[in-house]
Amino acid sequence: MKDKFMVRTRTPSGFPGISKDDFDYGVYATEDIKVGEIVVNLKGEWKLEPNRASIQIGERHLDSAIGGYVNHNCEPNCVVLCKLLDLTLKERLVPISVAIKGSLTSMIISNPKPVLVAIKSIFKDQEITFDYETTETNLANPFKCDCHGNWIRGKVHRFQE
């Protein structure tokens, strides 16, 4: 299956506080993507501690080469879900906050895999984004977002000033 995305530099003029000399990367669509389509299969190494580029899935952190380049947006076009097989071997997409319970056999069969899924239409050359505060409990490196200037710190801080 051909990737629907590529990593490239972002255009500095479109982002306050980023000069022409700064390096800033993002993930961009290489074709139009429909709502509900899997955009990126997030693969990488699982860690116990977060880092600047990891994505929290449950209590673990996925250090994903591509996922580390997907930028935050308060009004994202993607969401992180888990792809798994149910006991009938049919593929399902479930929220990452859903605890997967069952026997060891059902866990082996389901083999959950995190993915980015489009929640809005994404057009060719448009940046692919998700809201970091929907996955991270506490960000390893909090920052002020480019979209609204809000502090992005993680879920436990989301509604605190």
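Here are a few things to note about the model shown:
- At R0 = 25 Å, FRET efficiency that the Cβ-Cβ distance of Lys155 and Lys43 yields, to 0.05: 0.60
- Pairs from the list Lys2/Lys83; Lys120/Lys155; Lys2/Lys113; Lys43/Lys124; Lys47/Lys120; Lys2/Lys120 with a Cα-Cα gap above 28 Å: Lys47/Lys120.
- Amide H contacts under 5 Å for Ile57, placed H, 5+ residues apart: Leu62
- Interchain or long-range residues, amide H under 5 Å from Thr30's placed H: Phe5, Met6, Asp125
- Qualifying trypsin sites (Lys or Arg not before Pro) in the range 31-90, DSSP loop, other Cβ atoms within 10 Å at most 15: Lys34, Lys43, Arg52, Lys90
- Charged neighbours of Arg92, selected by a Cβ distance under 12 Å, balance to +1 (K, R count +1; D, E count -1).
- Our coupling estimate for the range 86-94, obtained by passing each phi through the Karplus curve with A = 6.51, B = -1.76, C = 1.60 and θ = phi - 60°, is 7, 5, 8, 6, 8, 6, 10, 10, 10 Hz, Gly and Pro reported as x.
- Extended-chain gain in nm, criterion 0.36 nm per residue less alpha-carbon gap, Thr88 and Phe123: 9.2 nm
Rule-based calculations on the coordinates, nothing more; no lab input. The model shown is predicted, which means the values in this text are computed figures rather than measured ones. All Cβ positions, glycine included, derive from the backbone under ideal geometry; neighbour counts span all protein chains shown.
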